[in-house]
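Only one structure is covered here, and it is reproduced in the block below.
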Amino acid sequence: MIDVRALAGLDEFKEAVRLQKEIWGFEDVELLPLRLFVVASKVGGQAFGAFEQGRMIAFCLAIPGLKPGGRNYLHSHMLGVLPEYRNSGVGRMLKLKQREEALARGIELMEWTFDPLEIKNAYFNLERLGAIVRRYVLNQYGTTSSHLHGGLPTDRCVAEWWMSSRRVAQAIAGTPLPRPAIEARIEVPYDIETLRKNEVRKARAIQEAVSNSFLECFERGLVVVGLERGERSAAYLLSGDDQGTVKD
């Protein structure tokens, strides 16, 4: 049985730091340090772990933020799951724990970044959790040492998770999400991971094309409202109808 709870004490924070190396292969300079976990847990952030028989198999860390106009929100900076536990629902368990705790404090918005080339993660964010996207950041973290990033710039979508919205409630319940009128599609091939390893130039060209498409669509005021999976590629679906913040 997997138990999800707040991390408690320095030993568990240290284990979360160690897991970063195991999951992403980061060099020491790129690790989120122990002190950040300590501070986040004391100033309104979140530090949760997933445990199986006492062993930490996944963790997440969120820090508090403040929007212009005074809206409080949480930025979920990192969520990592050991390779052998991926596709087991652990990531979803952590996100739902984050939502439960945040809503109990009256916080309705959580944001995080994700790589738009990572289709499985994108599908999880958009279709399983009900997040939307209307911002894009070029090379957010610089080029990292992680083998998962393949030496490419860390271009990122910014997910907005309006945790009390109708869309999120439907996604979590497994109800098909409504599709507003789709005004643009951005295609990403499934074989991007192979290209990252074997044909870096081609992978970079695809990344640039995808980034330019996102920036152009967001400049037009469009919002990512879904992801459609095909045989060889997936398509981000963009609309001018923002349903992400609508409550029941």
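The values are calculated or read from the model by the stated rules, or taken from the named source; none is laboratory data. Because the structure is predicted, anything quoted here is derived from the model rather than measured. Positions of Cβ are backbone-derived with ideal geometry, glycine not excepted, and every protein chain shown enters the neighbour counts.
With the condition being under 30 Å from residue 27 (Cα atoms) and out of contact with any Pro (no Cβ under 6 Å at 6 or more places or on another chain), I'd like the strands (runs of 3 or more DSSP E) fully within the range 137-230 carrying at least 2 qualifying residues. Lay out the reasoning, then the answer.
Numbers: elements: 156-162, 184-189, 223-229.
Those strands (runs of 3 or more DSSP E) span 156-162, 184-189.
If the Cβ limit is 6 Å and pairs must be 6+ apart or interchain, which residue in the range 109-127 that is closer than 18 Å to residue 174 by Cβ pairs with which residue that is of a type in the set (Phe, Trp, Tyr) and surrounded by fewer than 19 Cβ atoms within 10 Å (Cβ to Cβ)?
What qualifies is 125/114.
If residue 124 meets every condition in (1) modelled with pLDDT of 95 or more; (2) within 23 Å of residue 194 (Cβ to Cβ); (3) in the same structural domain as residue 6 (by TED's automatic domain parsing); (4) not charged (D, E, K, R) apart from one, which number is that one?
The single condition residue 124 does not satisfy is (3).
May I ask you to verify whether residue 170 is modelled with pLDDT of 95 or more and either more than 18 Å from residue 122 (Cβ to Cβ) or not aliphatic (A, V, I, L, M) (or both)? Walk me through how you get there before you give the answer.
Values: modelled with pLDDT of 95 or more: yes; either more than 18 Å from residue 122 (Cβ to Cβ) or not aliphatic (A, V, I, L, M) (or both): yes.
Yes, satisfied.
Of all the helices (runs of 4 or more DSSP H) wholly in the range 1-108, which have at least 3 residues that are closer than 20 Å to residue 164 by Cβ and at pLDDT 95 or above? Outline the logic, then answer.
Working: elements: 9-24, 34-42, 90-104.
The qualifying helices (runs of 4 or more DSSP H) are 90-104.
Restricting to the range 176-202, count the residues that are at pLDDT below 95 and over 21 Å from the mean Cα position of the chain (by Cα). So that I can check it myself, show each step before the final result.
Of the range 176-202, the ones at pLDDT below 95 are 176-181, 189-202.
When the remaining residues are screened for being over 21 Å from the mean Cα position of the chain (by Cα), the result is 178-181, 194-195, 197-202.
Selection size over the range 176-202: 12.
Among the listed residues 122, 62, which satisfies the condition of being surrounded by 15 or more Cβ atoms within 10 Å (Cβ to Cβ), in contact with a Pro (Cβ under 7 Å, 6 or more places away or on another chain) and of a type in the set (A, V, I, L, M)? Even if it seems obvious, please write down each step before you answer.
Numbers: 62 fails: in contact with a Pro (Cβ under 7 Å, 6 or more places away or on another chain).
Testing whether each residue is surrounded by 15 or more Cβ atoms within 10 Å (Cβ to Cβ), in contact with a Pro (Cβ under 7 Å, 6 or more places away or on another chain) and of a type in the set (A, V, I, L, M) leaves just 122.
Pull out all pairs, ordered by first then second residue, where Cβ-Cβ is under 8 Å, the residues are six or more apart or on different chains, the first lies in the range 205-224 and is under 24 Å from residue 162 (Cα atoms), and the second is modelled with pLDDT of 95 or more and part of a helix (DSSP H, G or I).
What qualifies is 224/126.
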